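Each reported figure results from applying straightforward, stated rules to the coordinates on display, with no laboratory input. Remember, it's a predicted structure, so these values are computed and weren't measured experimentally. With ideal geometry, Cβ positions are generated from the backbone for all residues, glycine too; neighbour counts draw on all protein chains shown.
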Amino acid sequence: MEGFASNSRKELIEKQKSTAYDVVIIGGGITGAGIALDAAARGLKTALVEKRDFASGTSSKSTKLIHGGLRYLKQFEIALVREVGRERAIVHRLAPHLVRSERMLLPLIKGGTFGKYSTSLGLMVYDVLAGVERVDQRKMYSKEETLEKEPLLPEDILEGGAIYAEYRTDDARLTMEIIKTARAFGADCINYVKATEFIYKEDKITGLKCEEVLDGTAYEINTNWVVSAAGPWVDELRTQNKSRHGKRLQLTKGVHLVVDHHRFPLRQAIYFDVPDGRMIFAIPRGKTTYIGTTDTLFDEDKNHVLTTRDDAHYLLDAVNHTFKDRKLTLDDVKSSWAGLRPLIYEEGKSASELSRKDEIFESLTGLISIAGGKLTGYRKMAEKVVNLVSQKVNQANPKRKIKSCKTDKLVLSGGPFDGHKGVKAYEKEVKEILNQYDLDISYAHYLVSNYGRQTEYIFELMKGIKEKDGDLKLALAELDYCLNHEFIFKGLDFLERRTGKLYFDIDSFRKVKDQVLETMKEYFGWSPERFKQEQEEVNQALQEAYNFK
Ligand code: FAD
């Protein structure tokens, strides 16, 4: 991808300083990324600033599912189920390597949330509304069939099961590929740049004061419109803009735990009851199974959200309650993550009852903020926001021709693939190359899900790396790729968000971290102090992933 090498940072900042933008987006999570792509593809001059790394907020901390909106059916939000279902199919089409079909098992348990007939009917309605393809449509199973699918389920209280369609993704990778695609359309997206102040002229926002977080320098960006897609930080910016009136955010914390797959060897993803009436997911992924999520009100430091022992016990108890012979303890937890849902406050509602709908707030000075929503709806949210911005640009200049939204047809970087079959065929080719390098073929699924066809560049880069250990050689080739194409500046950008090693392969994280930091030190010319700081950050993240207070 042209122009997204980490050493092109200075140039990008110079460009941001000297350009008059139509729109600048604050926040490089999935929402901001989607808006940047839509705006740039319509021909608007677009920039995006993200104060930490892309996807470092909520957009790397989700359950990593592209939902079909089943929970909305329970609340009779029919139009929403339809919209979310269609969206899901579109997002899968745009990146089939990164958004993959995942059959979710709903066990029907004596006295549980779901009865056999209501579940069958509900899922049938869901299939129709969400436009689920025939092969993915719901299936109902007897107790024996369900046990065959998932032998770990409790035989004594199991009454049957149902399978319905979900899609899984990697939220941070999805955000990154959207950012890269936006970049290819000319959006000037940058990480580690914080919007610190709005600039006003005659009570209208005309720009942003920014801080380059890595070196502490300040600069300004000129723009006609500012969109805040700052997720949990949306209200902070509205307060700065003196426009935090009416509706406000309510943050809730959600935690996921990761255990070795052999300690919780599920054959497939499962959505099951928790004693307090909620439901949680357990999803096998590579060498691990991850479990989540909690949902608790949160009003602490948004910049440092941690898993506590209480959070961990809640999830472990939930698993042990249904899967009695697992007996998972804190010692089984290999990793975890904790994130904040930026939801809209509603009087008298508990964390789980708050709506996940998105809302747009417009201030008198021209700040457009978007909050709420889900990963799944990022494209539609972006369309709404960019329609609004386009309308405003047109009001100011009626002669300006702005294209309509076309993101439903823009294949994300990493593609194209001829759907699921195309992905499978490519995975086969990747396995053959892995064999040539004497590498474990299980890397094929990881590489193709993470990078799609960009895996080819990584193999190319491997040829130039003189490292004997195959796993390390591959990791260093990935690092080389990310330095040249994915705008990384800190060890964790690579070890946590680009590769997911911190969550799903913590042993590899430990194995490669020192060499990754050494390579980055050389690439960027880090001072000894900066190198030490990086080492500390990486080691702290490792501790916080499983050592809870
Ligand atoms: P964020 O990802 O938080 O992005 C906002 C960004 O703004 C941050 O990166 C932040 O650093 C940046 N920022 C803030 N202030 C500034 C500033 N002044 N200058 C520059 N940058 C700034 N959705 C699904 O569809 N499927 C799921 O399975 C799912 N599971 C979830 C599970 C959990 C536990 C949680 C918490 C959420 C889940 N969601 C799920 C919801 C989904 O993850 C969020 O809706 C989505 O990630 C929000 O993205 P965002 O871009 O709005 O916010």
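Taking the alpha-carbon centroid of each part, what is the distance from segment 203-219 to segment 102-150 in angstrom?
51
Using only the alpha carbons of segment 334-462, what is the convex hull's orientation-averaged projected area in square nanometres?
13.9
Just the ratio, please: alpha-carbon radius of gyration of segment 57-103 over 2.2 N^0.38 Å, N its number of residues.
This ratio for segment 57-103 stands at 1.23.
Could you order the peptides 272-282, 104-114, 529-539 from most to least packed, using the average number of other C-beta atoms within 10 Å per residue?
In descending order of packing, they fall as 104-114, 272-282, 529-539.
Taking the Cα centre of the chain as the origin and placing charges on Cβ (Lys, Arg +1; Asp, Glu -1), which of Met124, Leu214, Tyr164 is farthest toward the positive end of the dipole?
So the residue we want is Met124.
If I model a spin label at Glu145 and Leu297 as a point 7 Å from the Cα along the Cα→Cβ vector, what separation in nanometres do I get?
Rounded to a tenth, the inter-label distance reads 4.4 nm.
Helices from the chain with mean Kyte-Doolittle at least -1.0 and a Cα length along the axis of 24 Å or more, per DSSP H: which?
Qualifying helices, which must be both long enough and hydrophobic enough, are 78-94, 378-396, 506-524.
Among Ser355, Ser508, what is the fewest-to-most ranking by other Cβ atoms within 10 Å?
Ordered by Cβ neighbours within 10 Å, fewest first: Ser355, Ser508.
Can you order the peptides 116-123, 486-493, 22-29 by their average number of other Cβ atoms within 10 Å per residue, highest first?
22-29, 486-493, 116-123
Ranked highest first by the average count of other Cβ atoms within 10 Å around their residues, in what order do 173-179, 204-210 fall?
By packing density, highest mean first, the sequence is 173-179, 204-210.
On average, how much area does the Cα convex hull of the chain cover when viewed from any direction, in nm²?
Spelled out: convex hull of the Cα atoms, projected over all directions, averaged, 24.8 nm².
Assign unit charges at the C-beta atoms only (+1 for Lys and Arg, -1 for Asp and Glu), then state the dipole size of segment 143-259 relative to its Cα centre in Debye, rounded to the nearest 20.
Once rounded to the nearest 20, the dipole reads 880 debye.
What FRET efficiency do you get for Glu155 and Arg278 if R0 is 35 Å and r is their Cβ-Cβ distance, rounded to the nearest 0.05?
Plugging the Cβ-Cβ distance into 1/(1 + (r/R0)^6) gives 0.90.
Between their Cα atoms, which of Lys247/Lys349; Lys473/Lys511; Lys380/Lys421; Lys17/Lys45 are more than 18 Å away from each other?
Lys380/Lys421
Suppose R0 equals 60 Å; then what is the FRET efficiency for Asp325 and Glu14 from their Cβ-Cβ distance, rounded to the nearest 0.05?
0.45
Of Leu502, Tyr21, Pro284, whose Cα points farthest to the positive end of the dipole of the chain (charges on the beta-carbon: +1 Lys, Arg; -1 Asp, Glu; origin at the Cα centre)?
Result: Tyr21.
What does DSSP give for the chain in terms of the percent of beta bridges that are antiparallel, rounded to the nearest 5?
Here the share of antiparallel DSSP bridges comes out near 75 percent.
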